[in-house]
Amino acid sequence: MLAAEYDFADRLNSQARQAAAERAWSGIARFYDNCKKKVKGKKPRSPDELGSEGRSQRGLGYPQFKKNVRSVEYKTTGWKLSEDRKSITFTDKCGIGKLKMKGTRDLLFYHPSLIKRVRLVRKADGYYIQFAVDADRKEPLEATGKTLGLDVGLQDFYTDSNGHKEENPRFLRKAEKQTKKL
């Protein structure tokens, strides 16, 4: 319905609109669940604390409209990977187009049907693409019957229940000494 009314919503892929609506509704549902469970937070506890606009004086605790959203999430449509998996093309009407990808993961390992969601995120130092991949990872572990307790402390990095102690590396102190010497 919003796509028919607003031009910016019509340009976006339908599944990207659905993902944005799911995120908004989950925030609203979480707020009402917290109200029902009486989770302590920054919500008004009485009608006296409500401001003239029906929200708390500081405006905290309620789900808020975010004008500058820094990510858009596509489900299975609205994007296409190149054959060599070095670039991605966004096919909706927003005009993003083809983006060259560089990264640490080899996408040739994953079949495109295993990629369930693609999120385009804008951060201070550039744009990033996140992939949600349906992968079955099973690492069979056999029970050894041995239990080990760890204690993390300041003097020793850790001490285990067998009595083994690992010395605290104290990276900051070593770096301070080196800096002072230089």
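Okay, here's what the table says:
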quantity	calculated
Leading residue by the ranking (most open to solvent (accessible area, probe 1.4 Å)) among those in the stretch 127-141 that are of a type in the set (A, V, I, L, M) and not in a strand (DSSP E or B)	Leu141
Test set (1) at pLDDT 75 or above; (2) over 25 Å from Gln130 (Cβ atoms); (3) surrounded by fewer than 12 Cβ atoms within 10 Å (Cβ to Cβ) - Trp25 fails condition number	(2)
Selection status of Tyr158, of a type outside the set (A, V, I, L, M, F, W, C), open to solvent by 70 Å² or more (accessible area, probe 1.4 Å) and either in contact with an Asp or Glu (Cβ under 8 Å, 6 or more places away or on another chain) or under 30 Å from Asn68 (Cβ atoms) (or both)	no
Selection count, the stretch 1-22, where residues are under 22 Å from the mean Cα position of the chain (by Cα) and open to solvent by less than 70 Å² (accessible area, probe 1.4 Å)	8
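The values are calculated or read from the model by the stated rules, or taken from the named source; none is laboratory data. For clarity, every value in this text was computed on a predicted model and none was experimentally measured. All Cβ positions, even for glycine, are placed from backbone atoms using ideal geometry, and neighbour counts span all protein chains on display. Heavy atoms of the whole protein, side chains included, go into the accessibility calculation; ligands, DNA and RNA do not. Shrake-Rupley method; radii C 1.70, N 1.55, O 1.52, S 1.80 Å.
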